[in-house]
Amino acid sequence: QLQLVASGGGLVQPGGSLRLSCAASGFTLDDYAINWFRQAPGKEREGVSCISSSGSNTNYVDSVKGRFTISRDNAKNTVYLQMNSLKPEDTATYYCAAERISCSGYSHYAIDYWGTGTLVTVSS
């Protein structure tokens with residue numbers, strides 16, 4: 001019954017925007033920090049962003065700072081990733097992942113629940 005599902009991906013032109021959603025069912029997210037990871041073909045999975053359980057602290061990998069914004073609505077049991085000024089190098093499958101309370105710096109060992117992926121393709 002426990003599910004963590006990412007959605008909102010699609011095809012967008014360079015410079016465009018997408019908003020990804022990470023929705024939980026079967027449990028509540030208010031005790032968890034939520035991470036976004038991404039993996040492109042032929043590359044290792046990398047951490048992109050994280051938001052603490054309260055939403056008071058956020059982290060971003062340098063390559064997306066100023067372009068991506070992470071937020072959460074605990075009443076809706078959902079976390080969002082707003083992606084603006086998208087670049088071809090942002091093309092990847094994006095995954096959300098939950099860890100207890102605080103962001104660890106994208107350590108896989110700290111992840112409690114992994115979500116499904118959603119594909120983002122940035123191409124003209």
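Of note:
- Every residue from the stretch 72-124 that is touching a Gly at 6+ places or on another chain (Cβ under 7 Å) and within 15 Å of ARG45 (Cβ to Cβ): THR93, TYR94, TYR95, CYS96, ALA97, TYR106, THR118, LEU119, VAL120
- Qualifying residue in the stretch 11-27 (condition: out of contact with any strand residue (DSSP E or B) (no Cβ under 7 Å at 6 or more places or on another chain) and closer than 13 Å to VAL120 by Cβ): yes
- Residue that is most open to solvent (accessible area, probe 1.4 Å) [pool: residues in the stretch 8-62 that are among the acidic types (Asp, Glu) and outside any loop (DSSP other than H, G, I, E, B)]: ASP62
- All told, GLU99 meets the bar of being in contact with a Cys (Cβ under 9 Å, 6 or more places away or on another chain) and among the charged types (D, E, K, R).
- Checked against (1) of a type outside the set (D, E, K, R); (2) farther than 19 Å from ALA23 by Cα; (3) without any contact (Cβ under 8 Å) to a residue 60 or more places away in the chain, ILE70 meets all criteria but (2).
- Residue identified as surrounded by fewer than 16 Cβ atoms within 10 Å (Cβ to Cβ), in contact with a strand residue (DSSP E or B) (Cβ under 8 Å, 6 or more places away or on another chain) and in a strand (DSSP E or B) among THR93, THR69, THR116: THR116
- Some residue of the stretch 101-110 being among the aliphatic types (A, V, I, L, M) and either at pLDDT 95 or above or crowded, with 18+ Cβ neighbours inside 10 Å (or both): no
- Some residue of the stretch 55-69 being basic (Lys, Arg) and either touching a Cys at 6+ places or on another chain (Cβ under 7 Å) or farther than 23 Å from GLN3 by Cα (or both): yes
- Close contacts from the stretch 1-16, counting a first residue that is at positive phi and modelled with pLDDT of 95 or more and a second that is open to solvent by 40 Å² or more (accessible area, probe 1.4 Å) and of a type in the set (Lys, Arg), with Cβ to Cβ under 9 Å and a gap of 6+ residues or different chains, come to GLY8/ARG19; GLY15/LYS87.
The values are calculated or read from the model by the stated rules, or taken from the named source; none is laboratory data. From a predicted model like this one, the values you see are computed outputs, not experimental measurements. Backbone-built Cβ (ideal geometry, glycine too); neighbour counts: all protein chains shown. Note: accessible area is taken over every heavy atom of the protein model, side chains too, but ligands, DNA and RNA are not part of it. Shrake-Rupley method; radii C 1.70, N 1.55, O 1.52, S 1.80 Å.
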